[in-house]
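*Asks:* Below is a structure I'd like to ask you about.
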Amino acid sequence: PSGFDVEAVRRDFPQLHREVNGRPLVWLDNGATTLKPRQVAEAVAEHYSTGTSNVHRGAHSLARQATQVYEEGREEAAKLLGTQDTDEIVFVRGTTEAVNLVAQTWGRANLGVGDEILVSAAEHHSNLVPWQQIAAERRARVRPIPLLPDGQLDQDAYQDLLGSRTRLVALTHASNVLGTVPPVAEMTALAHRYGARVLVDGAQAVSHFPVDVTALDADFYAFSGHKVFGPTGIGVLYGKRELLEAMPPWQGGGNMIDSVSFEETTYAPIPHRLEAGTGHIAGVAGLRAALRYLAGLDRQAATAYEEQLTAYAMGALATVPGLYLIGSAPGRIGALTFVLAGTDPIALAGALDRQGIAVRAGHHCAQPALASFGLQSAARASLALYNTAQEVDTLVAALQDIQEQAQ
Ligand code: PMP
């Protein structure tokens, strides 16, 4: 494929063509979750209507077919992230579970008294709270990497924080509040000089630009299916083979063992060792469809389209009197978080909803990031590759109306 045809893409997403409150839906809540192309709903329906079986067990045709779909889902995830080794792909519920898995296994085995975990101030709570929990247990310390006024991470502060006690750096690949895309490869290389590991939260990255964990040299990388046009309840933890192999199992049960007796239980090789119990098979079928859909697009062109749309939206929002947009760093994704003078963000989102425009309002599960800007709550319009300049215009016109009425 070459070039990006937004209208053709929009035809694949049925929800874009519905109405809400009597108006055509303008879906600008992609940071919370993305809409699904019909291929994803079809894949999930197919699993439940005619393809139901468990995987990796049962010597029958449907078990083999379900297993094939499941393992092809793993291959698609490996391709998306740029690793050749499908054993490095662990299925989890989502980004949150991926981080908890690493904290509870790698963290418990590798963190000790006085060790330090550096967590950027831009992180979603899911890449902060699990570190606070394991740090409390291991008597380790979580230290914030502060933000600059434009929403970028303070690289001087980061260099000062790194030291012989640093064990892990928790870093977002794209902030869900500020849109910031930190220099992950450079920051990872620096962390590695101190022998620290790096976990990258790719929840907001994978749908917006191509990712290559090998080029980043990330030790762990996490994403959620539902933010990359796939189902909820399924996500991926990537980990370097040697790290995953050295990690103790987390949950125990079926699927993850080699042999079990009351005397001794031994564990299966990765990735199954970290996937106890029956997985979300229908979810993987949907994720496979979503990642194939994405792989079928010209990713470079799609990213360029989104970059243009983001720049357009930032310019258009700047024309609204009294609107303050948080984070102006270049090279950002289209997570556009703002406050409108004199209007409560929740009331603002309600007023937009009455016009069919879906945005999120609140703390966005990133209270430290908002606090860095002196805020507790804000509204966020977050763009995806199927959004258009007309939709941005609809938002801006509605904001202008709301702003005039507030006067
Ligand atoms: N990290 C970021 C940057 C996110 O935006 C989100 C979801 N808002 C998460 C992590 C958590 O993802 P999930 O709830 O799917 O586990």
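*Asks:* Leu323's amide H: which non-local residues (gap 5+, or another chain) put their own amide H closer than 5 Å, with H modeled 1.01 Å from N in plane and none for Pro or chain starts?
*Replies:* Here the answer is Ala341, since their amide H atoms fall under 5 Å of that of Leu323.
*Asks:* Apply the Karplus parameterisation 6.51 cos²θ - 1.76 cosθ + 1.60, with θ equal to phi minus 60°, to every residue of the stretch 388-395 and state each ³J(HN,Hα) to the nearest whole Hz, in sequence, with x for glycine and proline.
*Replies:* Result, rounded to whole Hz: 10, 5, 4, 5, 4, 4, 4, 4.
*Asks:* If the chain between Asp12 and Glu186 were fully stretched, how many nm would it gain, using 0.36 nm times the residue separation less the Cα-Cα distance?
*Replies:* 58.9 nm
*Asks:* If you don't mind, another one. Could you list which residues have their amide H under 5 Å from that of Ile257, counting only those 5 or more apart in sequence or on another chain, with H placed in the peptide plane?
*Replies:* Result for Ile257 returns Ala268.
*Asks:* Find out how many positive minus negative residues lie around Ile333, taking Lys and Arg as positive, Asp and Glu as negative, among other residues whose Cβ is under 10 Å from that of Ile333.
*Replies:* Charge balance in the 10 Å sphere: -1.
*Asks:* I'd like the accessible area for Lys79: 1.4 Å probe, protein heavy atoms, all chains in place, Å² to the nearest 10.
*Replies:* For Lys79, solvent-accessible area is about 140 Å².
*Asks:* While we're here: Among the lysines, which have Cα under 16 Å from the Cα of Lys227 when same-chain residues fewer than 8 positions away are ignored?
*Replies:* Cross-link targets: Lys36.
*Asks:* Another one. Taking the solvent-accessible surface of protein heavy atoms with a 1.4 Å probe, what is the per residue accessible area of the stretch 88-127 in Å²?
*Replies:* That works out to 24 Å² per residue.
*Asks:* Carbon and sulfur atoms: what percent of the 1.4 Å accessible area of the chain do they account for?
*Replies:* About 50 percent, which is the carbon plus sulfur part of the accessible surface.
*Asks:* Given an 8 Å cut-off on Cα distances and at least 6 residues of separation, report the relative contact order of the stretch 281-407 as a percent.
*Replies:* Over the stretch 281-407, the number comes to 28 percent.
*Asks:* Any lysines with Cα under 17 Å of the Lys240 Cα? List them, leaving off those in the same chain fewer than 8 positions away.
*Replies:* Output for Lys240: Lys79.
*Asks:* Can you compute the label reach from Asp344? Point 7 Å from Cα along the Cβ direction, backbone N cut-off under 15 Å, restricted to the stretch 356-392.
*Replies:* 361-363, 376-379
*Asks:* Assuming a viscosity of 0.890 mPa s and a temperature of 25 °C, what translational diffusion coefficient in µm² per second does Stokes-Einstein assign to the stretch 233-378, Rh being the Kirkwood radius over Cα pairs?
*Replies:* My calculation gives 123 µm²/s for D.
*Asks:* If each of Glu264 and Asp5 carries a label point 7 Å out from its Cα toward its Cβ, how far apart are those two points in nm?
*Replies:* 6.2
*Asks:* Then there's this: In debye, nearest 20: dipole of the stretch 215-320 around its Cα centre with unit charges on the Cβ of K, R (+) and D, E (-)?
*Replies:* Dipole about the Cα centre, nearest 20: 420 debye.
*Asks:* Which order, highest average first, do 308-321, 116-129 follow once you tally other Cβ atoms within 10 Å for each residue and take the mean per peptide?
*Replies:* Ranked by mean Cβ neighbours within 10 Å, highest first: 116-129, 308-321.
*Asks:* Let me ask you something else. For Ala136 paired with Leu148, estimate the spin-label separation in nm (one decimal), with each label point 7 Å from Cα along the Cα-to-Cβ line.
*Replies:* My value for the distance between the label points is 3.5 nm.
*Asks:* Let me ask something else about it. Read phi for every residue in the stretch 9-16 and hand back ³J(HN,Hα) as whole Hz from Karplus 6.51 cos²θ - 1.76 cosθ + 1.60, θ = phi - 60°, with x for Gly and Pro.
*Replies:* 5, 4, 5, 7, 10, x, 5, 5
*Asks:* Quick query: amide H of Ile357 versus all other amide H atoms, modeled in the peptide plane; which residues come in under 5 Å with a sequence gap of 5 or more or a different chain?
*Replies:* It is Val26, by chain and number.
*Asks:* Within the stretch 162-263, report the GluC sites (Glu not before Pro) that DSSP leaves as loop and that have at most 10 other Cβ atoms within 10 Å.
*Replies:* Of the GluC sites (Glu not before Pro), the ones in loops of the stretch 162-263 whose Cβ has at most 10 other Cβ atoms within 10 Å are Glu263.
*Asks:* Go ahead and estimate [θ] at 222 nm for the chain from helices alone: -39,500 (n - 2.57) per DSSP H run with n ≥ 4, summed, over the residue count, rounded to 500.
*Replies:* -11000 deg cm²/dmol
*Asks:* Quote the accessible area belonging to Tyr221 in square angstrom, nearest 10, computed with a 1.4 Å probe and with ligands, DNA and RNA left uncounted.
*Replies:* The value for Tyr221 is about 0 Å².
*Asks:* Okay, next question. Given R₀ = 30 Å, what would the calculated FRET efficiency be for Ala371 paired with Ala318, taking r from the Cβ atoms and rounding to 0.05?
*Replies:* Efficiency, from the Cβ-Cβ distance: 0.80.
*Asks:* Rounded to whole Å, give me the distance from the Cα center of the stretch 135-153 to that of the stretch 82-117.
*Replies:* Computed from Cα coordinates, the inter-centre distance equals 18 Å.
*Asks:* For the stretch 23-69, what does the accessible surface come to per residue with a 1.4 Å probe? Please give it in Å².
*Replies:* With the other protein chains kept in place, the stretch 23-69 gives 54 Å² per residue.
*Asks:* Arrange the peptides 170-179, 60-69, 199-208 so that the one whose residues have, on average, the most other Cβ atoms within 10 Å appears first.
*Replies:* Those peptides, ordered most packed to least, come out 170-179, 199-208, 60-69.
*Asks:* Something else about it: For the stretch 1-32 and the stretch 277-316, compute the distance between their C-alpha centroids and round to whole Å.
*Replies:* Cα centres, the stretch 1-32 to the stretch 277-316: 13 Å.
*Asks:* When Lys and Arg each count +1 and Asp and Glu each count -1, what net charge do the other residues less than 12 Å away from Ala170, Cβ to Cβ, add up to?
*Replies:* Charge balance in the 12 Å sphere: -1.
*Asks:* Please find the FRET efficiency linking Asp156 to Gln308, where r is the Cβ-Cβ separation and R0 is fixed at 30 Å, and quote it to the nearest 0.05.
*Replies:* That pair, Asp156 with Gln308, gives E of 0.40.
The values are calculated or read from the model by the stated rules, or taken from the named source; none is laboratory data. The shown structure was predicted, so the numbers you read here are calculated from the model rather than taken from an experiment. Cβ atoms come from the backbone with ideal geometry, glycine included; neighbour counts cover every protein chain shown. Note: areas computed on protein heavy atoms with side chains; ligands, DNA, RNA excluded. Shrake-Rupley method; radii C 1.70, N 1.55, O 1.52, S 1.80 Å.
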